[in-house]
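The values are calculated or read from the model by the stated rules, or taken from the named source; none is laboratory data. Every value quoted in this text rests on a predicted model; they were computed, and no experiment measured them. Positions of Cβ are generated from backbone atoms using ideal geometry, with glycine treated the same way; all protein chains shown enter the neighbour counts. What goes into the accessible areas is simple: the full protein's heavy atoms, side chains included, and nothing from ligands, DNA or RNA. Shrake-Rupley method; radii C 1.70, N 1.55, O 1.52, S 1.80 Å.
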Amino acid sequence: MKKTAGMSTKATPSVDASSASASASAGPTVRCPTCSGPSLFAPANRFRPFCSERCYQIDLGAWANEEFRVPAPMPPEDSPFGDPRTEP
């Protein structure tokens, strides 16, 4: 290490593929619901279960556009629907 003007310079760790894969193995990996890529399911990933903010925003937009719906059975044509006084 070099000393410059009374300060020591420390080597900063660089992020490479080996250290990125080591941090990815720090917790369970699940499939991202949006892109099907690997996603770290741990508190370190603030967008979990999504792999990135982009996938999170895509899913949020789909919900906002009502692209996801809960299926509901259609009532018969001749039955009164929604009136609790007429239902047994």
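Is there any pair linking a residue in region 62-73 that is closer than 17 Å to T34 by Cβ to one that is surrounded by 10 or more Cβ atoms within 10 Å (Cβ to Cβ), with Cβ under 7 Å and at least six apart or on different chains, and which?
F68/A62
Find the residue count for region 61-88, including only residues that are open to solvent by less than 90 Å² (accessible area, probe 1.4 Å) and modelled with pLDDT of 85 or more.
Total satisfying the criteria: 3.
Do we find that K2 is at pLDDT below 80 and either surrounded by 10 or more Cβ atoms within 10 Å (Cβ to Cβ) or in contact with a strand residue (DSSP E or B) (Cβ under 8 Å, 6 or more places away or on another chain) (or both) in this structure?
Values: at pLDDT below 80: yes; either surrounded by 10 or more Cβ atoms within 10 Å (Cβ to Cβ) or in contact with a strand residue (DSSP E or B) (Cβ under 8 Å, 6 or more places away or on another chain) (or both): yes.
In short, yes.
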